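The next block holds one structure in the form of structure tokens; read it before the comments.
The values are calculated or read from the model by the stated rules, or taken from the named source; none is laboratory data. Predicted model, so just to flag it, every value in this text is computed and none were measured. Here the Cβ is made from the backbone with ideal geometry for all residues, glycine too, and neighbour counts use every protein chain on show.
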Amino acid sequence: MDVWTRTCLAIAVLSVAPSVGAAEAPDPVPRPREVAAGVWTIPEVPVPDREPDGNTVVFAVQDGLVVVDTGRHAWHRDAILALARQQHRRVLAVVNTHWHLDHVSGNPALRAAFPRLKVYASGAIDHALDGFLAASARESARYIDDPAIPAATRDDIRSDLQAIQRGTVLKPDIVIDASRVLALGHHEFRINLAPFAATSGDVWLYDEASGVAALGDLVTLPVPYLDTACPDGWRAALSAVAATPFRIAVPGHGPPLTQATFTIYRHSFERFLDCAASARSKEDCASQWADDVASLLAGGPARDPAQTASGAAYYVDLLRRGAGRSRYCEAN
Ligand SMILES: [Zn+2]
């Protein structure tokens, strides 16, 4: 299974390169990082053969904590719960930026720990449970017992299948159906709905008090995860982010961005989509992307340009197969 097909329990299976001994690697312990007073990120920790976790952002508010995205793996949600214990605060709200399993799988554990919390998200998961996720479950079930797939990957596939089977518990209590100011724990957040972007309903959030924006998978590094993407809506969403005076923007995957580095990302993304829509070779588009974002990856875990280019090439193919978008884009 190619690493680029595993973003959110993806479907295509291209190649398998088991990592020797990776299955025995101990679980990582994600370390919260305070990016502004009372605002933390809990970053994803890449582990060989494992699917990703989306970054989490945690805001301290008057009555508790607001948690943006809950990760996929137990170690990620444990890090959220540990931060709540350390801060002596309860989680009163979860905001899911989108329904990909690396962002919502921790919801049930947080609900169990804090039964009164409310989950806020767009209603896009309803279609996804019947569409992309159902198809993913059908396709990936056959790999659970395939010895050619690394044991750790099969373990993740199994967990993802269980999450899909219990999918209704991942749904929001409160559906975000328009952009608006929302008071959570007496703290006002600007909640933005981006229709038909990375999914059919992405939510991103801006906290004026701290200057922190949580963008979900509208920004992902090392490559844009276009598995369920509608690129036109995605461009529009990035344009709305660009018009927001954030100080720090936390992406769904990758390190926090400043206005300057976000601008690099946005221009790289647009050039990548333009290239994919042109007659240029996919290798051209992929290496252009890897060059464009090289400064954003420097020093991080995903800094191998060849691997970045291979991921970008995968998504050029995906866009070209779908006439410029994912076949799971539901926009008219
Ligand atoms: Zn993600």
*Tell me, please, whether a residue that is touching a helix residue (DSSP H, G or I) at 6+ places or on another chain (Cβ under 9 Å), farther than 27 Å from residue 68 by Cα and part of a helix (DSSP H, G or I) can be found in the stretch 245-267.*
no
_Looking for something in contact with a Gly (Cβ under 6 Å, 6 or more places away or on another chain), surrounded by 16 or more Cβ atoms within 10 Å (Cβ to Cβ) and not in a loop (DSSP other than H, G, I, E, B) - is there at least one such residue anywhere in the stretch 126-135?_
yes
_Filter the stretch 24-39 down to the residues that are among the acidic types (Asp, Glu), surrounded by 11 or more Cβ atoms within 10 Å (Cβ to Cβ) and not in a loop (DSSP other than H, G, I, E, B) and list them by number._
34
*Does residue 57 satisfy being assigned to a strand (DSSP E or B) and under 14 Å from the mean Cα position of the chain (by Cα)?*
yes
_I'd like to check something: does the stretch 175-183 contain any residue that is basic (Lys, Arg), in contact (Cβ under 8 Å) with a residue 40 or more places away in the chain and not in a helix (DSSP H, G or I)?_
no
*Please find, within the stretch 190-222, the residue that is farthest from residue 122 (Cα to Cα) out of those that are among the polar types (S, T, N, Q) and surrounded by fewer than 24 Cβ atoms within 10 Å (Cβ to Cβ).*
210
*How many of the residues making up the stretch 155-166 are buried (at least 20 other Cβ atoms within 10 Å of the Cβ) and either farther than 20 Å from residue 97 by Cβ or free of Cβ contacts under 8 Å to residues at least 60 places away in the same chain (or both)?*
2
*Return a yes/no flag: does the stretch 101-121 have any residue that is among the aromatic types (Phe, Trp, Tyr), touching a residue at least 24 places away in the same chain (Cβ under 8 Å) and within 15 Å of the ligand (Cβ to nearest atom).*
no
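Of the residues 245, 255, 251, which single one is surrounded by fewer than 23 Cβ atoms within 10 Å (Cβ to Cβ) and within 15 Å of the ligand (Cβ to nearest atom)? Walk me through it before giving the result.
Details: 245 fails: within 15 Å of the ligand (Cβ to nearest atom); 251 fails: surrounded by fewer than 23 Cβ atoms within 10 Å (Cβ to Cβ).
That would be 255, the only listed residue that is surrounded by fewer than 23 Cβ atoms within 10 Å (Cβ to Cβ) and within 15 Å of the ligand (Cβ to nearest atom).
So is residue 314 hydroxyl-bearing (Ser, Thr, Tyr), more than 30 Å from residue 190 (Cα to Cα) and within 16 Å of the ligand (Cβ to nearest atom) or not? Lay out the reasoning, then the answer.
Working: hydroxyl-bearing (Ser, Thr, Tyr): yes; more than 30 Å from residue 190 (Cα to Cα): yes; within 16 Å of the ligand (Cβ to nearest atom): yes.
Yes: the conditions hold for residue 314.
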_With the structure loaded, tell me whether residue 172 is within 21 Å of residue 47 (Cα to Cα), crowded, with 17+ Cβ neighbours inside 10 Å and of a type outside the set (S, T, N, Q) or whether it fails that test._
no
*Tell me which residues, restricted to the stretch 196-230, are away from the ligand (no atom under 15 Å from the Cβ) and either under 23 Å from residue 36 (Cβ atoms) or free of Cβ contacts under 8 Å to residues at least 40 places away in the same chain (or both).*
205, 206, 207, 208, 209, 210, 211, 212, 213
*asked:* With without any contact (Cβ under 8 Å) to a residue 40 or more places away in the chain and within 16 Å of the ligand (Cβ to nearest atom) as the only criterion, which of 68, 94 stands out?
replied: 94
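Being under 30 Å from residue 131 (Cβ atoms), of a type in the set (Ser, Thr, Tyr), buried (at least 16 other Cβ atoms within 10 Å of the Cβ) and modelled with pLDDT under 95 narrows it down to one residue among 5, 56; which is it? Let's see the steps before the verdict.
Numbers: 56 fails: modelled with pLDDT under 95.
None of the others qualify; the one that does is 5.
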